[in-house]
Ligand SMILES: Cc1ncc(C[n+]2csc(CCOP(=O)(O)OP(=O)(O)O)c2C)c(N)n1
Ligand code: SF4
Ligand SMILES: [Mg+2]
């Protein structure tokens, strides 16, 4: 069927579904992703939600988008898309800037009537000319064909209109040569309890596919490369779910039950949703009355002996800071998840940023160091949530896990690990003989890593008192002694510093020994920065690349790595917080900065051109 | 009293008690040690969690799993503790500022949720630790360092908050009433669910005598009534006064006068689910009607922590998984060979 159209073979393609928030674009985007992943493609997604939940229908504020890249070597959802689906003029207007020159735009021409154009604030009756579109536009009467296909379905008009998204999906499947069977397989699970809807959606899906086939659309279709993936069982996972599951893995590996105390906040709420479901694994997730209660209930659960976690986003982290300080001085394990969003204040609640770094590192009263880690991708959220838990328990400290809206909502195919791929987590219980002798004091420490021992309430002979007042180094009783306080401050700081002995070293990519520029980032920007580094090297620029997932403490070899390069370029989605942090630790390193604070991830091309420019400036 | 294997000394820590001499907190601590011994829950199954304030120092003086936390948050911390480790008996200690000002939100939500913890509110109507500012329980017009011309706001009545939050246990006592305090604490511990015990406490330094109008030995018998479930509501130095129903309201009468006999005097029922009468009793303030002490309301209902355990068990019985991997494998997956 493809012979009559031009077929492009590509290693990766990018598709963006866009429409009104009620048009079901996230759903079809997700199905397309799953189907592609099932075919062996690598996938990376970027759901772009409107800030308003129910903006007026057809308005610019109500546009919801879902971008996915599929293929091989996929590290990001792509800067720009090869194919844009725009269900109405507002979606077209908001998203046309995301289309590659010469790409394909599919529009539902039935929803481009005068009134629709007005709602999207077009001033002429030719939106395509008005936007100066440089792409192949496929004007498809999606609504009328959907209506015709379902004329005999017995469904009311509203329900029929709701099926339009599956027409678009069918057409996109034709463009990308995706078999409809696997789509139908997903549909039958999703609509198992609604046979009439399942039937209607399947019909419309086929209508979309056949439409592409029949009109011999004179647009490019695509054949996407698949890669030999590592054998195993895979699932599609977003960062927030991966975070939740990483915590559960850590609970299994440590033998400590999992407790979550949380309060809903975009874009972190899905972690609460997922863990609330996981009562089937014995997880206790409690929705508290506010963020303070969220962290405090977790501190209580930690004192009680659980792997205790609280999840939030920036404004919530601000509320939790006093509680985190308590866990610092009480030296209790605690995982605090901050899915960063645009700030300050309510800021850009649905958009991504890396602007909570300073808050995570320093946002507490007093000398209160905590460990900070940051996953690099949606699937890395699993590993780093596990790592945050491991560090919290084995080092008896709060750990802040800094993810962001981009990796939290974005998804990738993920090979389901076997339990033995992750290490045992060993809680530093008070040695039984010490308890029996009554010789244990609450701030007795392991001499190597300075970790105090954990007496789980309910243990006979383990009674003790913790609290926010400074404690005597030896006895653990309240102490206001000045010298003791200074000693405790240094001890708590040194305890965190020694975690560096227990985390992996920093790895450098793309360095064949002759690069004198190092591009680096931290957290959720990995995919874009790594792709940019690849492209720079492909273009003949010698740029080494490294990425930080352990922020405090830094990997032990950080200074050694940085000192090898004449220029170190730190790229991040803030005004330069990580750059400042590194500079304060390594004053001799020459640091250049690439920053973006638009609530959006980097574009690879932006990074490539910024780094190229820095390299050219001698 | 029941006999148990424990004595009050078993619940005392080795830490020196730092409250001012004459502070009401000493008596409350003693009552708590005694109540714990009577209750007989071993120290290693007992947790004592407090916020910040003079009163919140209490956990340091307990041989138990103690946690002196941050200002206002004790109820939230105790909630997490109890959900995580429901085998433990949890006591939460707060002052009137800690529990009802900065911690007011956690207080009402802990009560509403009906988490099975014992919430002690040590009410001295002042901020003791910060040296004498008015609190949310200080009366209108109260002069303090932060209200030199008198406050221009009405106080909370703790009981009213408890009822507003649909609480199922409320008791009140006075620091110097050791027996009644123990009785209230024991009932609170035995109650299934959130139990609030308000204890009127004297701060000798910053608010000396604030409760005297009621607690002074001379007036106490006439201005308080000790409520006991199943017993007549009588009070007075000569136990010749009683509470009777007067329309929808309560009235204090002299038994044998104006035609009132002992038969007219109400019998206290702390266990009746309707809280109408409990509220009226709890709102008596020692002016026209005597201030009620003892257990005013004690009604069993579903607790948060039991329901969490039940739900986990039900869900696991219906579709539980043995491991994370099993759970994921039961979802949408594909295999790459
Ligand atoms: C976040 C915070 N705000 C304020 C304080 C100061 N502070 C400590 S105790 C207290 C009030 C104590 O009053 P109350 O709870 O009634 O306890 P009391 O000392 O009377 O027993 C205040 C305002 C603090 N420690 N922490
Ligand atoms: S200041 Fe008042 S409340 Fe605080 S210890 Fe002294 S007497 Fe007690
Ligand atoms: Mg007070």
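Some notes on this structure:
- Using the alpha carbons alone, the radius of gyration of the range B:8-224 stands to its Kirkwood radius in an Rg to Rh ratio of 0.94.
- Nitroxide proxy distance, nm - points 7 Å out along Cα→Cβ at residue A:614 and residue A:362: 2.1
- Using alpha-carbon coordinates, inclination of helix A:164-175 to the longest axis of chain A, degrees: 90
- Computed over the range B:131-275: relative contact order in percent, which uses C-alpha pairs under 8 Å that are six or more apart: 13
- Cα shape, the range A:520-568, gyration tensor, a/c 1.5 rule: oblate
- Three-way shape call for the range A:432-501 based on the alpha-carbon gyration tensor, with the a/c threshold at 1.5: oblate
- Secondary-structure-derived ellipticity at 222 nm for the protein assembly as shown, considering helices only, amounts to -10000 deg cm²/dmol, per-run term -39500 (n - 2.57) for DSSP H runs with n ≥ 4.
- Using all pairs of distinct alpha-carbon atoms, the Kirkwood hydrodynamic radius of the range B:272-311 works out to 12.2 angstrom.
- Remark: spin-label model distance residue A:560-residue A:474 equals 3.9 nm, labels positioned 7 Å along the Cα→Cβ axis.
- For the range B:254-328, the calculated P(r) over all alpha carbon pairs, in 10 Å bins from 0 to the bin holding the longest distance, is 14, 24, 21, 12, 12, 10, 5, 2 percent.
- Rg/Rh ratio calculated on Cα atoms of the range A:26-80 (Kirkwood radius): 1.08
- Rg [Å, one decimal], Dmax [Å, integer] - the range B:106-224, C-alpha atoms: 15.1, 44
- Between the helical axis of B:178-190 and the longest alpha-carbon principal axis of chain B there is an angle of about 30 degrees.
- As a calculated quantity, the FRET efficiency between residue A:595 and residue B:9 at R0 = 60 Å, using C-beta atoms, amounts to about 0.40.
- The ranking of A:608, B:295, A:328 from fewest to most other beta carbons within 10 Å of each one's beta carbon is A:328, A:608, B:295.
- Radius of gyration and maximum dimension Dmax of the range A:509-618, Cα, Å: 12.7, 36
- Computed log₁₀ I(q)/I(0) - Debye formula, equal Cα scatterers, no solvent, the range A:235-421, q 0.09, 0.10, 0.13, 0.19 Å⁻¹: -0.26, -0.32, -0.55, -1.27
- Annotation: the residues A:271, A:53, sorted from fewest to most other C-beta atoms within 10 Å of their own C-beta, follow the order A:53, A:271.
- In chain B, the DSSP beta bridges split such that about 35 percent are antiparallel, to the nearest 5.
- Reciprocal of mean inverse Cα separation for the protein assembly as shown (Kirkwood radius, Å): 31.2
- Proxy reagent accessibility, fewest Cβ within 10 Å first, across B:197, B:267: B:267, B:197
- Efficiency of FRET from Cβ geometry, residue B:329 and residue A:514, R₀ 51 Å, rounded to 0.05: 0.65
- The label point for residue A:156 and the one for residue B:317, both projected 7 Å from the Cα toward the Cβ, are 4.1 nm apart.
- Kirkwood analysis of the Cα pair distances in the range A:334-394 returns a hydrodynamic radius of 12.9 Å.
- The range A:7-224 - convex hull of alpha carbons, volume per residue in Å³: 115
- Computed log₁₀ I(q)/I(0) - Debye formula, equal Cα scatterers, no solvent, the range A:1-111, q 0.10, 0.15, 0.21 Å⁻¹: -0.29, -0.63, -1.12
- Centre separation in Å (Cα based) which lies between the range B:285-337 and the range B:82-141: 23
- Acute angle (nearest 10 degrees) that the helix B:104-113 long axis makes with the longest principal axis of chain B, alpha-carbon atoms: 70
- Computed from the Cβ-Cβ distance with R0 of 56 Å, the FRET efficiency linking residue A:502 to residue B:239 stands at 0.20.
- Share, in percent, of DSSP beta bridges within the range A:471-618 that are antiparallel, nearest 5: 15
- Whether the range A:62-158 is rounded, prolate or oblate, judged on the alpha carbon gyration tensor where a/c under 1.5 counts as rounded: oblate
Any read-out appearing in this document is the output of simple, stated calculations on the displayed coordinates, not a laboratory observation. Just so it is clear, the structure is predicted and the values come from calculations on it, not from any experiment. Methodologically, a virtual Cβ is constructed for each residue, glycine included, from the backbone with ideal geometry; neighbour enumeration extends over all protein chains shown.
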